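What follows is one structure encoded as structure tokens, with my remarks underneath.
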Amino acid sequence: MNPIKEIQKQKYADSFKALKIIQLILMILVIIVYIILFMSVPDMRNYVEHSNLLKVTNISLFVLILIGILVTIFDLSKYVPVLTEYEEQKNKSYLDALTGIPNRFSCDLVFEMYGEDRKLSNVACAVIIINNLIDINREKGRIAGNQALVDFSWMLEDISDEYGFAGRNGGNEFLLIVENCDDLKMKEFFQKLDKRVYEYNMQPGKDSIEISYAYVINSTFHASKFSDIIAEAYRKIKENKKKQAKAQ
């Protein structure tokens, strides 16, 4: 099962509903247009009135359109609620309840996708951490901490859409996985993320978010297992923290 594809399908019920509504509107418009033409064009009315074949054809078309309208209304009343409930249940499995982005279960499934038989040569993985989440929770309360998580998650998801998969790996940790990635592409991503976080922190009333991150590009790391790439990213971010602590 591919969680990325499953998450991309989460709006299927809304699309189905929209399609049915458009179908219903078009059928009603066809009937209205035909009635207007029939009433306003004498020649057309005369042809129908004097031809049994045209009468039968028109009656048949009207019956078919009416049946189509009834079937569409039935679909909207019966199937859309079921599909919506299914999507909601599926989203609970794949999406983080607080932030709405892919959760740890989704991250685990993505890890499983990258077996030894899958090409890892150009895959990159990044670990991102909100450094001061504990401080926000302690000083401002859990509600403020949750809001910081939600706001950062939206920033991360918005930027990562054009790069790859991003998810919350629990707590204050997030993962980014990008295929066909080099150092330039990863630096470009984090430049955008840093800029977005900076702009967010400048907004009045917002609790400043401090992040740290580390990434591994397998074209230079040459791991044969995806788990090794993840482990190396976590090792690098811990090493960076130790260096920062010593510098202080």
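General remarks:
- Rolling a 1.4 Å probe over the protein chains gives H222 an accessible area of about 140 Å².
- Sites matching trypsin sites (Lys or Arg not before Pro) across the stretch 119-156 that sit in DSSP coil, with at most 16 neighbouring C-beta atoms within 10 Å: K119
- Angstrom value of the Kirkwood radius, inverse mean 1/r, which spans all Cα pairs in the stretch 114-209: 14.5 Å
- Placing R0 at 30 angstrom, the Cβ-Cβ distance between D161 and R235 gives a FRET efficiency of 0.60 after rounding to 0.05.
- Of the GluC sites (Glu not before Pro) found in the stretch 161-196, those that fall in a DSSP loop while having at most 16 other beta-carbon atoms within 10 Å are E162, E179.
- Distance in nm between pseudo-label sites at S227 and Y198 (7 Å out along the Cβ direction from Cα): 4.0 nm
- FRET efficiency, Q147 to I31 (Cβ-Cβ, R0 45 Å, nearest 0.05): 0.30
The values are calculated or read from the model by the stated rules, or taken from the named source; none is laboratory data. Everything numeric in this text was worked out from a predicted model, so none of it was measured. As a convention, Cβ positions derive from the backbone with ideal geometry for all residues, glycine included, and neighbour counts pool all protein chains shown. Note: areas computed on protein heavy atoms with side chains; ligands, DNA, RNA excluded. Shrake-Rupley method; radii C 1.70, N 1.55, O 1.52, S 1.80 Å.
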